[in-house]
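Only one structure is covered here, and it is reproduced in the block below.
The values are calculated or read from the model by the stated rules, or taken from the named source; none is laboratory data. Treat the numbers as computed from the prediction; the structure is a model and nothing was measured. No Cβ is skipped: glycine too gets one built from the backbone with ideal geometry, and neighbour counts run over all protein chains shown. Each accessible area value is taken on the protein alone, full model and side chains, heavy atoms only, with ligands, DNA and RNA left out. Shrake-Rupley method; radii C 1.70, N 1.55, O 1.52, S 1.80 Å.
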Amino acid sequence: MRILIIGGNGTIGKTVVSHFKQKNEILIAGRTNGDVTVDIADSNSIQSMFEKIGKVDAIICIAGEAKWDNFNKLSEDDYYIGLKSKLMGQVNLVRIGQNYLNSNGSITLSTGILADDPVVKTTSASMVNGGIHSFVKAVALEIENGIRVNVVSSGMVEDAYEKYKDYFPGHNPIPMKKVINGYVRSVNGKGNGEIIRIYD
């Protein structure tokens, strides 16, 4: 398969790339480097990326940001960071990307445990993750051409444990192998509209 991985240079992305590249042609997209650059907060940038790379068999997005801060410190503009990047960025990847997918292709988005189990300072990030979950369930009912859309929602991954452990007291770090399997299930399985939760 020809697979586009947006965010393929990140903590999770690098591990997912190393797995899929064993048997597939991988294209990595990143904000500053990769086979092609993209800013998912800008739909024109998404369109330009797809025009450069052409048709693919699968799209995986492991990108998007949201502001973390105390609820009383978050401004309206702070919320728009997550809405434009992680939420609408991934919505636009589906909206535009479907036109560059071969028949029976798949799109895999990424969220995280905050959709179901928020921690302090994540009102914006949790809201965005929950919105993506609802979007995936709904768009799966309408997307055409045999395309499947799923989302992988993982807990705090092992490789990011030291950086984020103070935000997630008592949470178990998720082995990267389990996280990879979530993406494998989405790309190689037959599920559609699934929220693939990897929380323990």
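Can you tell me the orientation of helix 43-53 relative to the chain, as the angle in degrees between its alpha-carbon axis and the longest Cα principal axis, to the nearest 10?
It works out to around 40 degrees.
Could you state, as a whole-number percent, how many of the C-alpha pairs of the range 63-133 are farther apart than 18 Å?
The calculated P(r) of the range 63-133 puts 41 percent of pairs beyond 18 Å.
Could you pull out every residue, at least 5 positions away or on a different chain, whose amide H is within less than 5 Å of the one on residue 153? Hs are placed 1.01 Å off N in the peptide plane, and Pro or chain starts have none.
Amide H to amide H, under 5 Å and 5 or more residues apart or across chains, residue 153 pairs with 111, 196, 197, 198.
With a 1.4 Å probe and all protein chains left in place, how much accessible area per residue does the range 64-155 have, in Å²?
44 Å²
Counting only protein heavy atoms and using a 1.4 Å probe, what share of the accessible area of the chain belongs to carbon plus sulfur, as a whole percent? Kindly include the intermediate steps, with their values, before the conclusion.
Numbers: 4510 of 9690 Å².
The value for the chain is 47 percent carbon and sulfur by accessible area.
For helix 123-139, report the angle its Cα long axis makes with the longest principal axis of the Cα atoms of the chain; keep it between 0 and 90° and round to the nearest 10°.
30 degrees
If you take every DSSP beta bridge fully contained in the range 2-198, what fraction is antiparallel? Give it as a percent rounded to 5. Can you show the working numbers first?
Numbers: 0 of 25 bridges.
That works out to approximately 0 percent antiparallel.
Filter the GluC sites (Glu not before Pro) in the range 1-87 down to the DSSP loop ones having no more than 15 other Cβ atoms within 10 Å, then list what survives.
Here no loop site has a sparse enough neighbourhood.
Using the Karplus curve 6.51 cos²θ - 1.76 cosθ + 1.60 with θ = phi - 60°, what ³J(HN,Hα) values do you get for each residue of the range 176-192, in whole Hz, with x for Gly and Pro?
Per-residue couplings from phi come out as 4, 4, 5, 5, 4, 4, x, 6, 4, 4, 5, 6, 9, x, 10, x, 9 Hz.
Taking the chain as a Gaussian network, Cα atoms linked when under 10 Å apart, which of 92, 181, 44 shows the biggest mean-square fluctuation?
Looking only at 92, 181, 44, the biggest GNM fluctuation is shown by 44.
When Lys and Arg each count +1 and Asp and Glu each count -1, what net charge do the other residues less than 12 Å away from residue 49, Cβ to Cβ, add up to?
That works out to -2.
If you wrap a convex hull around the alpha carbons of the range 2-198, what volume per residue comes out, as a whole number of Å³?
Given the Cα convex hull of the range 2-198, per-residue volume reads 110 Å³.
Give me the extension gain from residue 141 to residue 190: residue separation times 0.36 nm, minus the current Cα-Cα distance, reported in nm with one decimal.
16.2 nm
Among the listed pairs 21/55; 137/165; 21/137; 86/137, which have their C-alpha atoms separated by more than 19 angstrom in this model?
Table pairs above 19 Å Cα-Cα are 137/165; 21/137.
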